[in-house]
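Encoded as C-alpha coordinates, the structure appears first; notes follow it.
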Amino acid sequence: MGTRCGIVSPYSPILPLNNGKASAHEAFHFWGRCERMPESLIAIGDALPYLLRGSLVTLIVVVGAMALGLVLGVPLAMGQVYGHWALRRAIAVYVWFFRGIPLLVFLFLFYFGLCTALDINLSAFTVAIIVLGLISSAYQSQIFRGAILSLPEGQLKAARALGMSDIKAITVIILPQALRLSVPGWSNEYSILLKDSAVTYALGVAEIMARAHFVATRTYQQLPLYFAAGMIFLILTWMGTKSLRLLEEKVRIPGYGSSPQLAAESFDP
Amino acid sequence: MEEWLYIQNEVYPALLKGFWVSLQLIIPSALCGLAIGIMIGVLRIYGNRPVMAAANGFVVVFRGIPLVVQLFIWYFGLPYIGIYLNPFVAAVLGFSLCSGAYHSEYIRGALLSIKRGQMLAAQSLGFSKVRMIFSIILPQALRRALPGCGNEIIYLIKYSSLAYMITCIELTGQGKILASNSFKYTEVFLMIGACYLVMTSVASIILNRVEDRLRLPGFEHHRI
(Lines give C-alpha, C1' and ligand atoms only; values in the text may rest on other atoms or scores of the structure.)
Protein backbone atom coordinates (compact mmCIF):
# COMPACT_ATOMS: atom_id res chain seq x y z
CA MET A 1 0.00 0.00 0.00
CA GLY A 2 1.21 3.42 -0.90
CA THR A 3 -0.39 5.28 2.00
CA ARG A 4 1.95 6.79 4.50
CA CYS A 5 1.39 9.32 7.18
CA GLY A 6 1.41 12.90 6.06
CA ILE A 7 0.31 12.43 2.52
CA VAL A 8 -2.70 10.21 2.37
CA SER A 9 -4.15 9.16 -0.88
CA PRO A 10 -7.47 7.81 0.28
CA TYR A 11 -8.17 5.79 -2.80
CA SER A 12 -4.89 4.05 -3.37
CA PRO A 13 -6.10 0.65 -2.14
CA ILE A 14 -9.12 0.76 -4.39
CA LEU A 15 -9.20 -1.56 -7.35
CA PRO A 16 -10.11 -0.35 -10.81
CA LEU A 17 -13.83 0.03 -11.28
CA ASN A 18 -14.35 -2.54 -13.94
CA ASN A 19 -11.71 -5.25 -13.87
CA GLY A 20 -11.69 -5.45 -17.63
CA LYS A 21 -14.49 -7.95 -17.53
CA ALA A 22 -17.40 -7.07 -19.75
CA SER A 23 -19.82 -9.79 -18.82
CA ALA A 24 -22.52 -9.31 -16.23
CA HIS A 25 -22.84 -5.67 -15.67
CA GLU A 26 -22.24 -4.60 -19.20
CA ALA A 27 -25.21 -6.72 -20.10
CA PHE A 28 -27.09 -5.03 -17.30
CA HIS A 29 -26.08 -1.67 -18.66
CA PHE A 30 -27.27 -2.58 -22.12
CA TRP A 31 -30.54 -3.97 -20.86
CA GLY A 32 -31.00 -0.89 -18.72
CA ARG A 33 -30.62 1.43 -21.68
CA CYS A 34 -33.05 -0.64 -23.71
CA GLU A 35 -35.70 -0.51 -21.02
CA ARG A 36 -35.12 3.24 -20.51
CA MET A 37 -34.37 2.54 -16.93
CA PRO A 38 -33.62 5.54 -14.80
CA GLU A 39 -29.98 6.46 -14.87
CA SER A 40 -29.75 6.01 -11.13
CA LEU A 41 -30.56 2.32 -11.30
CA ILE A 42 -27.94 1.86 -13.99
CA ALA A 43 -25.41 3.59 -11.75
CA ILE A 44 -26.28 1.31 -8.86
CA GLY A 45 -26.13 -1.77 -11.08
CA ASP A 46 -22.74 -0.74 -12.39
CA ALA A 47 -21.31 -0.03 -8.98
CA LEU A 48 -22.85 -2.98 -7.18
CA PRO A 49 -20.12 -5.59 -7.75
CA TYR A 50 -17.56 -3.00 -6.73
CA LEU A 51 -19.51 -2.10 -3.57
CA LEU A 52 -19.96 -5.75 -2.70
CA ARG A 53 -16.23 -6.31 -2.86
CA GLY A 54 -16.04 -3.46 -0.35
CA SER A 55 -18.45 -5.26 1.92
CA LEU A 56 -15.84 -8.01 2.14
CA VAL A 57 -13.33 -5.44 3.45
CA THR A 58 -15.95 -4.16 5.91
CA LEU A 59 -16.61 -7.67 7.15
CA ILE A 60 -12.92 -8.42 7.62
CA VAL A 61 -12.51 -5.21 9.62
CA VAL A 62 -15.55 -6.00 11.76
CA VAL A 63 -14.64 -9.63 12.39
CA GLY A 64 -11.03 -8.70 13.14
CA ALA A 65 -12.09 -6.00 15.55
CA MET A 66 -14.57 -8.30 17.26
CA ALA A 67 -11.93 -10.99 17.66
CA LEU A 68 -9.43 -8.51 19.08
CA GLY A 69 -12.11 -7.13 21.38
CA LEU A 70 -12.92 -10.64 22.55
CA VAL A 71 -9.30 -11.54 23.23
CA LEU A 72 -8.75 -8.35 25.24
CA GLY A 73 -12.24 -8.11 26.69
CA VAL A 74 -12.35 -11.49 28.48
CA PRO A 75 -9.25 -10.88 30.64
CA LEU A 76 -10.42 -7.33 31.32
CA ALA A 77 -13.78 -8.58 32.52
CA MET A 78 -12.11 -11.26 34.64
CA GLY A 79 -9.83 -8.66 36.16
CA GLN A 80 -12.69 -6.32 36.84
CA VAL A 81 -14.75 -8.97 38.61
CA TYR A 82 -12.11 -11.03 40.42
CA GLY A 83 -9.06 -8.77 40.46
CA HIS A 84 -7.27 -6.78 43.11
CA TRP A 85 -8.82 -3.37 43.76
CA ALA A 86 -5.96 -1.53 42.06
CA LEU A 87 -6.41 -3.68 38.96
CA ARG A 88 -10.14 -3.07 39.05
CA ARG A 89 -9.59 0.66 39.24
CA ALA A 90 -7.10 0.53 36.35
CA ILE A 91 -9.53 -1.44 34.19
CA ALA A 92 -12.33 0.98 35.03
CA VAL A 93 -10.13 3.83 33.81
CA TYR A 94 -9.31 1.89 30.62
CA VAL A 95 -13.01 1.35 29.94
CA TRP A 96 -13.85 4.98 30.72
CA PHE A 97 -11.09 6.15 28.39
CA PHE A 98 -12.06 4.01 25.43
CA ARG A 99 -15.76 4.58 25.85
CA GLY A 100 -15.53 8.32 26.31
CA ILE A 101 -13.64 9.36 23.18
CA PRO A 102 -15.13 9.25 19.67
CA LEU A 103 -13.90 6.68 17.19
CA LEU A 104 -12.91 9.35 14.68
CA VAL A 105 -10.56 11.01 17.19
CA PHE A 106 -8.99 7.65 18.03
CA LEU A 107 -8.50 6.85 14.36
CA PHE A 108 -6.74 10.16 13.73
CA LEU A 109 -4.75 9.85 16.96
CA PHE A 110 -3.47 6.38 16.13
CA TYR A 111 -2.99 6.69 12.40
CA PHE A 112 -1.56 10.19 12.08
CA GLY A 113 -0.30 10.65 15.62
CA LEU A 114 1.03 7.59 17.36
CA CYS A 115 2.06 5.67 14.25
CA THR A 116 4.24 8.57 13.15
CA ALA A 117 5.53 9.44 16.60
CA LEU A 118 6.57 5.87 17.37
CA ASP A 119 7.67 5.30 13.79
CA ILE A 120 5.47 2.27 13.23
CA ASN A 121 4.48 1.65 9.66
CA LEU A 122 0.92 0.36 9.66
CA SER A 123 -1.64 0.47 6.91
CA ALA A 124 -4.95 2.26 7.44
CA PHE A 125 -6.64 -1.13 7.31
CA THR A 126 -4.59 -2.47 10.23
CA VAL A 127 -5.04 0.70 12.24
CA ALA A 128 -8.79 0.50 11.68
CA ILE A 129 -8.90 -3.06 13.05
CA ILE A 130 -6.70 -2.20 16.05
CA VAL A 131 -8.64 0.94 16.99
CA LEU A 132 -12.06 -0.65 16.54
CA GLY A 133 -10.81 -3.67 18.46
CA LEU A 134 -9.53 -1.59 21.39
CA ILE A 135 -12.79 0.34 21.64
CA SER A 136 -14.77 -2.85 21.30
CA SER A 137 -12.68 -4.50 24.03
CA ALA A 138 -13.90 -1.85 26.47
CA TYR A 139 -17.51 -2.49 25.51
CA GLN A 140 -17.13 -6.27 25.35
CA SER A 141 -15.51 -6.35 28.79
CA GLN A 142 -18.71 -4.82 30.14
CA ILE A 143 -20.82 -7.40 28.32
CA PHE A 144 -18.77 -10.21 29.91
CA ARG A 145 -18.75 -8.53 33.27
CA GLY A 146 -22.55 -8.42 33.21
CA ALA A 147 -22.66 -12.07 32.15
CA ILE A 148 -20.26 -13.16 34.92
CA LEU A 149 -22.14 -11.18 37.54
CA SER A 150 -25.44 -12.67 36.42
CA LEU A 151 -24.25 -16.20 37.12
CA PRO A 152 -25.37 -17.54 40.48
CA GLU A 153 -22.62 -17.23 43.06
CA GLY A 154 -23.10 -20.88 44.02
CA GLN A 155 -21.37 -21.96 40.81
CA LEU A 156 -17.99 -20.66 41.91
CA LYS A 157 -18.49 -21.87 45.45
CA ALA A 158 -19.45 -25.35 44.27
CA ALA A 159 -16.38 -25.49 42.04
CA ARG A 160 -14.18 -24.46 44.96
CA ALA A 161 -15.87 -27.06 47.18
CA LEU A 162 -15.03 -29.71 44.60
CA GLY A 163 -11.38 -28.81 45.01
CA MET A 164 -10.80 -26.77 41.85
CA SER A 165 -8.29 -23.97 41.99
CA ASP A 166 -9.55 -20.42 41.45
CA ILE A 167 -8.14 -20.28 37.93
CA LYS A 168 -9.58 -23.64 37.02
CA ALA A 169 -12.98 -22.82 38.49
CA ILE A 170 -13.11 -19.61 36.48
CA THR A 171 -11.93 -21.06 33.18
CA VAL A 172 -13.84 -24.34 33.35
CA ILE A 173 -17.03 -23.43 35.19
CA ILE A 174 -17.62 -19.69 34.93
CA LEU A 175 -16.22 -18.84 31.51
CA PRO A 176 -18.20 -21.36 29.42
CA GLN A 177 -21.45 -20.19 31.00
CA ALA A 178 -20.61 -16.51 30.81
CA LEU A 179 -19.62 -16.75 27.13
CA ARG A 180 -22.97 -18.32 26.30
CA LEU A 181 -24.78 -15.57 28.12
CA SER A 182 -22.91 -12.87 26.26
CA VAL A 183 -23.99 -13.90 22.76
CA PRO A 184 -26.96 -11.47 22.70
CA GLY A 185 -24.59 -8.71 23.80
CA TRP A 186 -22.28 -9.65 20.96
CA SER A 187 -24.97 -9.36 18.39
CA ASN A 188 -25.49 -5.79 19.59
CA GLU A 189 -21.78 -5.19 19.49
CA TYR A 190 -21.60 -6.61 15.97
CA SER A 191 -24.19 -4.19 14.66
CA ILE A 192 -22.49 -1.26 16.40
CA LEU A 193 -19.08 -2.24 15.01
CA LEU A 194 -20.50 -2.73 11.54
CA LYS A 195 -21.90 0.77 11.55
CA ASP A 196 -18.78 2.23 13.11
CA SER A 197 -16.62 0.57 10.49
CA ALA A 198 -18.06 3.06 7.99
CA VAL A 199 -16.14 5.77 9.84
CA THR A 200 -12.83 4.16 8.86
CA TYR A 201 -13.50 5.69 5.47
CA ALA A 202 -11.88 8.80 6.99
CA LEU A 203 -8.52 6.98 6.85
CA GLY A 204 -9.16 5.67 3.37
CA VAL A 205 -9.92 2.05 4.13
CA ALA A 206 -11.58 0.75 0.97
CA GLU A 207 -14.81 -0.38 2.58
CA ILE A 208 -18.36 0.09 1.33
CA MET A 209 -18.65 3.75 2.22
CA ALA A 210 -15.34 4.74 0.68
CA ARG A 211 -16.22 2.94 -2.53
CA ALA A 212 -19.71 4.45 -2.67
CA HIS A 213 -18.21 7.91 -2.23
CA PHE A 214 -15.53 7.17 -4.81
CA VAL A 215 -18.08 6.17 -7.42
CA ALA A 216 -20.51 8.93 -6.44
CA THR A 217 -17.99 11.71 -6.94
CA ARG A 218 -17.29 10.43 -10.43
CA THR A 219 -20.78 9.60 -11.65
CA TYR A 220 -22.66 12.37 -9.79
CA GLN A 221 -25.27 9.81 -8.72
CA GLN A 222 -24.78 10.56 -5.05
CA LEU A 223 -28.20 9.80 -3.64
CA PRO A 224 -28.71 6.38 -5.26
CA LEU A 225 -25.20 5.24 -4.46
CA TYR A 226 -25.25 6.23 -0.80
CA PHE A 227 -28.65 4.68 -0.57
CA ALA A 228 -27.30 1.46 -2.04
CA ALA A 229 -24.43 1.55 0.47
CA GLY A 230 -26.95 2.01 3.27
CA MET A 231 -28.97 -0.95 2.03
CA ILE A 232 -25.87 -3.14 1.95
CA PHE A 233 -25.20 -2.17 5.56
CA LEU A 234 -28.79 -2.99 6.48
CA ILE A 235 -28.50 -6.42 4.89
CA LEU A 236 -25.16 -7.09 6.60
CA THR A 237 -26.60 -6.10 9.97
CA TRP A 238 -29.57 -8.35 9.43
CA MET A 239 -27.42 -11.29 8.33
CA GLY A 240 -25.03 -10.90 11.25
CA THR A 241 -27.67 -10.66 13.95
CA LYS A 242 -29.52 -13.58 12.39
CA SER A 243 -26.46 -15.80 12.40
CA LEU A 244 -25.58 -14.81 15.96
CA ARG A 245 -29.06 -15.78 17.02
CA LEU A 246 -28.49 -19.17 15.38
CA LEU A 247 -25.20 -19.42 17.28
CA GLU A 248 -27.03 -18.61 20.48
CA GLU A 249 -29.47 -21.44 19.85
CA LYS A 250 -26.67 -23.79 18.93
CA VAL A 251 -24.53 -23.26 22.03
CA ARG A 252 -27.43 -23.20 24.44
CA ILE A 253 -27.50 -25.87 27.09
CA PRO A 254 -31.08 -26.96 27.77
CA GLY A 255 -32.13 -25.72 31.17
CA TYR A 256 -29.27 -23.24 31.28
CA GLY A 257 -28.41 -20.13 29.42
CA SER A 258 -31.32 -17.84 29.06
CA SER A 259 -32.67 -18.30 32.55
CA PRO A 260 -31.01 -15.31 34.31
CA GLN A 261 -32.03 -13.12 31.41
CA LEU A 262 -35.59 -14.35 31.43
CA ALA A 263 -35.67 -13.64 35.12
CA ALA A 264 -34.40 -10.14 34.43
CA GLU A 265 -37.02 -9.51 31.77
CA SER A 266 -39.96 -10.80 33.73
CA PHE A 267 -38.98 -8.76 36.76
CA ASP A 268 -41.93 -6.51 37.45
CA PRO A 269 -41.68 -3.96 40.23
CA MET B 1 8.07 27.61 26.29
CA GLU B 2 7.50 27.40 22.59
CA GLU B 3 5.04 24.56 23.15
CA TRP B 4 3.20 26.60 25.70
CA LEU B 5 2.93 29.58 23.35
CA TYR B 6 1.65 27.29 20.62
CA ILE B 7 -1.03 25.97 22.95
CA GLN B 8 -1.95 29.41 24.19
CA ASN B 9 -2.01 31.20 20.86
CA GLU B 10 -3.27 28.58 18.48
CA VAL B 11 -4.66 25.48 20.12
CA TYR B 12 -6.75 27.10 22.81
CA PRO B 13 -8.74 29.56 20.64
CA ALA B 14 -9.31 26.97 17.92
CA LEU B 15 -10.48 24.31 20.33
CA LEU B 16 -12.73 26.78 22.11
CA LYS B 17 -14.34 27.70 18.79
CA GLY B 18 -14.71 24.03 17.89
CA PHE B 19 -16.12 23.26 21.29
CA TRP B 20 -18.90 25.83 20.86
CA VAL B 21 -19.79 24.47 17.45
CA SER B 22 -19.88 20.98 18.95
CA LEU B 23 -22.21 22.14 21.69
CA GLN B 24 -24.40 23.87 19.13
CA LEU B 25 -24.59 20.57 17.29
CA ILE B 26 -25.16 18.37 20.33
CA ILE B 27 -27.80 20.30 22.28
CA PRO B 28 -30.41 20.81 19.53
CA SER B 29 -29.81 17.28 18.22
CA ALA B 30 -30.29 15.80 21.68
CA LEU B 31 -33.52 17.71 22.24
CA CYS B 32 -34.94 17.05 18.76
CA GLY B 33 -33.82 13.43 18.99
CA LEU B 34 -35.60 12.99 22.28
CA ALA B 35 -38.77 14.59 20.90
CA ILE B 36 -38.67 12.39 17.80
CA GLY B 37 -37.93 9.37 19.95
CA ILE B 38 -40.92 9.99 22.24
CA MET B 39 -43.20 10.52 19.27
CA ILE B 40 -42.06 7.42 17.41
CA GLY B 41 -41.99 5.34 20.59
CA VAL B 42 -45.61 6.24 21.40
CA LEU B 43 -46.71 5.60 17.82
CA ARG B 44 -45.03 2.21 17.84
CA ILE B 45 -47.12 1.11 20.80
CA TYR B 46 -50.39 3.00 20.56
CA GLY B 47 -50.67 3.76 16.84
CA ASN B 48 -53.02 1.90 14.55
CA ARG B 49 -51.62 -0.72 12.25
CA PRO B 50 -50.29 1.34 9.31
CA VAL B 51 -48.85 4.00 11.65
CA MET B 52 -47.17 1.32 13.71
CA ALA B 53 -45.70 -0.29 10.60
CA ALA B 54 -44.41 3.06 9.37
CA ALA B 55 -42.85 3.86 12.74
CA ASN B 56 -41.21 0.44 12.89
CA GLY B 57 -39.90 0.90 9.37
CA PHE B 58 -38.44 4.28 10.34
CA VAL B 59 -36.60 2.70 13.24
CA VAL B 60 -35.26 -0.21 11.19
CA VAL B 61 -33.91 2.11 8.52
CA PHE B 62 -32.39 4.72 10.82
CA ARG B 63 -30.86 2.21 13.21
CA GLY B 64 -29.63 -0.09 10.47
CA ILE B 65 -27.83 2.44 8.28
CA PRO B 66 -24.57 3.80 9.67
CA LEU B 67 -24.69 7.42 10.77
CA VAL B 68 -21.91 8.36 8.34
CA VAL B 69 -23.97 7.08 5.44
CA GLN B 70 -27.02 8.97 6.69
CA LEU B 71 -25.03 12.18 6.99
CA PHE B 72 -23.65 11.71 3.50
CA ILE B 73 -27.17 11.17 2.19
CA TRP B 74 -28.37 14.40 3.81
CA TYR B 75 -25.42 16.49 2.80
CA PHE B 76 -24.07 15.06 -0.47
CA GLY B 77 -27.13 13.09 -1.53
CA LEU B 78 -29.98 15.55 -1.26
CA PRO B 79 -28.57 18.03 -3.83
CA TYR B 80 -29.27 15.21 -6.32
CA ILE B 81 -32.98 16.00 -5.94
CA GLY B 82 -32.39 19.73 -5.65
CA ILE B 83 -32.31 20.22 -1.90
CA TYR B 84 -29.23 22.01 -0.61
CA LEU B 85 -28.61 21.89 3.14
CA ASN B 86 -25.71 23.61 4.80
CA PRO B 87 -23.38 21.27 6.72
CA PHE B 88 -24.63 22.37 10.11
CA VAL B 89 -28.30 21.78 9.30
CA ALA B 90 -27.52 18.47 7.63
CA ALA B 91 -25.56 17.34 10.70
CA VAL B 92 -28.30 18.32 13.15
CA LEU B 93 -30.94 16.67 10.96
CA GLY B 94 -28.91 13.47 10.67
CA PHE B 95 -28.10 13.30 14.38
CA SER B 96 -31.70 14.01 15.44
CA LEU B 97 -33.25 11.39 13.19
CA CYS B 98 -30.69 8.73 14.05
CA SER B 99 -30.75 9.29 17.79
CA GLY B 100 -34.54 9.61 17.64
CA ALA B 101 -34.70 6.08 16.30
CA TYR B 102 -32.54 4.82 19.17
CA HIS B 103 -34.47 6.81 21.79
CA SER B 104 -37.73 5.34 20.50
CA GLU B 105 -36.38 1.87 21.24
CA TYR B 106 -35.78 2.73 24.92
CA ILE B 107 -39.10 4.54 25.21
CA ARG B 108 -40.93 1.66 23.63
CA GLY B 109 -39.39 -0.71 26.16
CA ALA B 110 -40.33 1.60 29.02
CA LEU B 111 -43.90 1.98 27.75
CA LEU B 112 -44.24 -1.79 27.57
CA SER B 113 -42.94 -2.12 31.12
CA ILE B 114 -45.71 0.05 32.59
CA LYS B 115 -48.23 -2.23 34.19
CA ARG B 116 -51.58 -2.68 32.51
CA GLY B 117 -53.37 -1.69 35.71
CA GLN B 118 -52.27 1.91 35.25
CA MET B 119 -53.97 2.04 31.90
CA LEU B 120 -57.14 0.35 33.13
CA ALA B 121 -57.30 2.68 36.12
CA ALA B 122 -56.95 5.73 33.87
CA GLN B 123 -59.64 4.42 31.57
CA SER B 124 -62.00 3.75 34.45
CA LEU B 125 -61.47 7.34 35.62
CA GLY B 126 -62.69 8.50 32.20
CA PHE B 127 -59.37 9.65 30.66
CA SER B 128 -59.33 9.83 26.87
CA LYS B 129 -56.63 7.77 25.18
CA VAL B 130 -54.42 10.73 24.36
CA ARG B 131 -54.83 12.20 27.83
CA MET B 132 -54.08 8.83 29.39
CA ILE B 133 -50.88 8.41 27.40
CA PHE B 134 -49.59 11.89 28.13
CA SER B 135 -50.62 12.26 31.77
CA ILE B 136 -50.38 8.74 33.15
CA ILE B 137 -48.23 6.46 31.06
CA LEU B 138 -45.54 8.71 29.61
CA PRO B 139 -44.44 10.41 32.85
CA GLN B 140 -43.76 7.00 34.34
CA ALA B 141 -42.27 5.56 31.18
CA LEU B 142 -39.91 8.48 30.63
CA ARG B 143 -38.45 8.01 34.09
CA ARG B 144 -37.78 4.38 33.29
CA ALA B 145 -36.36 5.17 29.88
CA LEU B 146 -34.02 7.80 31.26
CA PRO B 147 -30.95 5.58 31.83
CA GLY B 148 -31.14 4.27 28.26
CA CYS B 149 -31.84 7.67 26.79
CA GLY B 150 -28.97 9.13 28.78
CA ASN B 151 -26.66 6.55 27.24
CA GLU B 152 -27.92 7.53 23.84
CA ILE B 153 -27.18 11.20 24.53
CA ILE B 154 -23.63 10.24 25.50
CA TYR B 155 -23.34 8.32 22.23
CA LEU B 156 -24.60 11.42 20.47
CA ILE B 157 -21.81 13.50 22.02
CA LYS B 158 -19.25 11.08 20.64
CA TYR B 159 -20.91 10.75 17.26
CA SER B 160 -21.06 14.52 16.88
CA SER B 161 -17.45 14.18 15.73
CA LEU B 162 -18.77 12.72 12.49
CA ALA B 163 -20.04 16.16 11.49
CA TYR B 164 -16.44 16.80 10.49
CA MET B 165 -16.88 14.35 7.63
CA ILE B 166 -19.58 16.49 6.07
CA THR B 167 -17.35 19.57 6.43
CA CYS B 168 -19.01 21.00 9.52
CA ILE B 169 -15.92 22.18 11.38
CA GLU B 170 -16.49 21.35 15.03
CA LEU B 171 -14.06 20.14 17.69
CA THR B 172 -12.61 17.27 15.68
CA GLY B 173 -12.50 19.36 12.52
CA GLN B 174 -10.64 22.18 14.28
CA GLY B 175 -8.24 19.60 15.64
CA LYS B 176 -7.62 18.15 12.20
CA ILE B 177 -6.88 21.61 10.78
CA LEU B 178 -4.55 22.46 13.67
CA ALA B 179 -2.76 19.14 13.48
CA SER B 180 -2.26 19.22 9.74
CA ASN B 181 -0.78 22.72 10.02
CA SER B 182 1.64 21.92 12.82
CA PHE B 183 2.08 18.15 12.38
CA LYS B 184 1.57 17.76 16.13
CA TYR B 185 -1.05 15.07 15.61
CA THR B 186 -0.50 13.16 18.84
CA GLU B 187 -0.64 16.20 21.12
CA VAL B 188 -3.60 17.85 19.44
CA PHE B 189 -5.72 14.72 19.23
CA LEU B 190 -4.92 13.80 22.82
CA MET B 191 -6.21 17.21 23.83
CA ILE B 192 -9.31 16.73 21.74
CA GLY B 193 -9.83 13.32 23.26
CA ALA B 194 -9.59 14.93 26.69
CA CYS B 195 -12.25 17.48 25.68
CA TYR B 196 -14.60 14.69 24.65
CA LEU B 197 -13.86 12.76 27.84
CA VAL B 198 -14.79 15.85 29.86
CA MET B 199 -17.96 16.31 27.84
CA THR B 200 -19.10 12.70 28.20
CA SER B 201 -18.20 12.55 31.90
CA VAL B 202 -19.99 15.81 32.69
CA ALA B 203 -23.01 14.70 30.67
CA SER B 204 -23.19 11.40 32.54
CA ILE B 205 -22.96 13.21 35.90
CA ILE B 206 -25.73 15.62 34.88
CA LEU B 207 -27.90 12.76 33.63
CA ASN B 208 -27.44 10.89 36.91
CA ARG B 209 -28.47 14.03 38.80
CA VAL B 210 -31.56 14.41 36.63
CA GLU B 211 -32.42 10.78 37.19
CA ASP B 212 -32.14 11.23 40.97
CA ARG B 213 -34.13 14.44 40.91
CA LEU B 214 -36.97 12.90 38.94
CA ARG B 215 -37.22 9.80 41.07
CA LEU B 216 -40.65 9.25 42.60
CA PRO B 217 -40.64 7.53 45.98
CA GLY B 218 -42.21 4.12 45.63
CA PHE B 219 -41.85 4.09 41.84
CA GLU B 220 -38.10 3.59 41.63
CA HIS B 221 -36.84 1.69 38.66
CA HIS B 222 -35.31 -1.41 40.13
CA ARG B 223 -31.90 -1.90 38.65
CA ILE B 224 -31.00 -5.47 37.99
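The values are calculated or read from the model by the stated rules, or taken from the named source; none is laboratory data. Just so it is clear, the model here is predicted, and its values are computed rather than measured. With ideal geometry, Cβ positions are generated from the backbone for all residues, glycine too; neighbour counts draw on all protein chains shown.
Where in the stretch B:1-88 are there helices (runs of 4 or more DSSP H), lying wholly inside it, with at least 2 residues that are within 30 Å of residue A:220 (Cα to Cα)?
B:12-46, B:49-64, B:67-72
Is one or more of the residues making up the stretch A:237-244 modelled with pLDDT of 90 or more, crowded, with 21+ Cβ neighbours inside 10 Å and in a helix (DSSP H, G or I)?
The answer is yes, given that some residue of the stretch A:237-244 is modelled with pLDDT of 90 or more, crowded, with 21+ Cβ neighbours inside 10 Å and in a helix (DSSP H, G or I).
Looking at A:79, A:54, A:73, A:83 in this structure, which one is touching a Leu at 6+ places or on another chain (Cβ under 8 Å) and either modelled with pLDDT under 95 or surrounded by 21 or more Cβ atoms within 10 Å (Cβ to Cβ) (or both)?
Selected residue: A:79, the only one of A:79, A:54, A:73, A:83 that is touching a Leu at 6+ places or on another chain (Cβ under 8 Å) and either modelled with pLDDT under 95 or surrounded by 21 or more Cβ atoms within 10 Å (Cβ to Cβ) (or both).
Taking residue B:192, is it within 12 Å of another protein chain (Cβ to nearest Cβ) and either on the phi < 0 side of the Ramachandran plot or among the basic types (Lys, Arg) (or both)?
Here the answer is yes, as residue B:192 does meet what is asked.
In the stretch A:97-135, what residues are free of Cβ contacts under 8 Å to residues at least 12 places away in the same chain and over 28 Å from residue B:152 (Cα atoms)?
Scanning the stretch A:97-135 gives A:113, A:114, A:117, A:118, A:119, A:120, A:122, A:126.
Need at least 2 residues that are within 17 Å of residue B:186 (Cα to Cα) per element, so show me which helices (runs of 4 or more DSSP H) inside the stretch A:65-164 make the cut, counting only ones lying wholly within it.
A:85-100, A:103-108, A:124-150
Among the numbered criteria (1) surrounded by fewer than 19 Cβ atoms within 10 Å (Cβ to Cβ); (2) touching a residue at least 40 places away in the same chain (Cβ under 8 Å), which one does residue B:89 miss?
Failing condition for residue B:89: (2).
Which numbered condition trips up residue B:67, out of (1) within 13 Å of chain A (Cβ to nearest Cβ); (2) surrounded by fewer than 21 Cβ atoms within 10 Å (Cβ to Cβ)?
(2)
Considering the stretch A:210-234 alone, what residues qualify as being at the interface with another protein chain (Cβ under 9 Å from one of its Cβ atoms) and either aliphatic (A, V, I, L, M) or over 30 Å from residue A:41 (Cα atoms) (or both)?
Passing the criteria: A:212, A:216, A:223, A:225, A:229, A:231, A:234.
Limited to the stretch A:176-209, what total is found for residues that are facing chain B (nearest Cβ under 10 Å), surrounded by 23 or more Cβ atoms within 10 Å (Cβ to Cβ) and among the β-branched types (Val, Ile, Thr)?
3
Is there a residue being outside any helix (DSSP H, G or I), out of contact with any helix residue (DSSP H, G or I) (no Cβ under 8 Å at 6 or more places or on another chain) and farther than 21 Å from residue B:68 by Cβ anywhere in the stretch A:166-185?
Checked against the condition, which is being outside any helix (DSSP H, G or I), out of contact with any helix residue (DSSP H, G or I) (no Cβ under 8 Å at 6 or more places or on another chain) and farther than 21 Å from residue B:68 by Cβ, the stretch A:166-185 yields no hits at all.
Scanning the stretch B:122-170 for residues that are of a type in the set (Ser, Thr, Tyr) and under 17 Å from residue B:43 (Cα atoms), which turns out farthest from the chain's Cα centre (by Cα)?
Among residues in the stretch B:122-170 that are of a type in the set (Ser, Thr, Tyr) and under 17 Å from residue B:43 (Cα atoms), the one farthest from the chain's Cα centre (by Cα) is B:128.
Residue check, residue A:141 against (1) without any contact (Cβ under 8 Å) to a residue 40 or more places away in the chain; (2) hydroxyl-bearing (Ser, Thr, Tyr); (3) crowded, with 23+ Cβ neighbours inside 10 Å, all met but one. Which one?
The single condition residue A:141 does not satisfy is (1).
State yes or no: is residue B:84 surrounded by fewer than 18 Cβ atoms within 10 Å (Cβ to Cβ) and under 26 Å from residue B:131 (Cα atoms)?
No.
In the set B:111, B:15, which member is touching a residue at least 24 places away in the same chain (Cβ under 8 Å) and within 14 Å of another protein chain (Cβ to nearest Cβ)?
B:15
Tell me whether the stretch B:174-184 contains one or more residues that are buried (at least 24 other Cβ atoms within 10 Å of the Cβ), at the interface with another protein chain (Cβ under 7 Å from one of its Cβ atoms) and touching a helix residue (DSSP H, G or I) at 6+ places or on another chain (Cβ under 8 Å).
Checked against the condition, which is being buried (at least 24 other Cβ atoms within 10 Å of the Cβ), at the interface with another protein chain (Cβ under 7 Å from one of its Cβ atoms) and touching a helix residue (DSSP H, G or I) at 6+ places or on another chain (Cβ under 8 Å), the stretch B:174-184 yields no hits at all.
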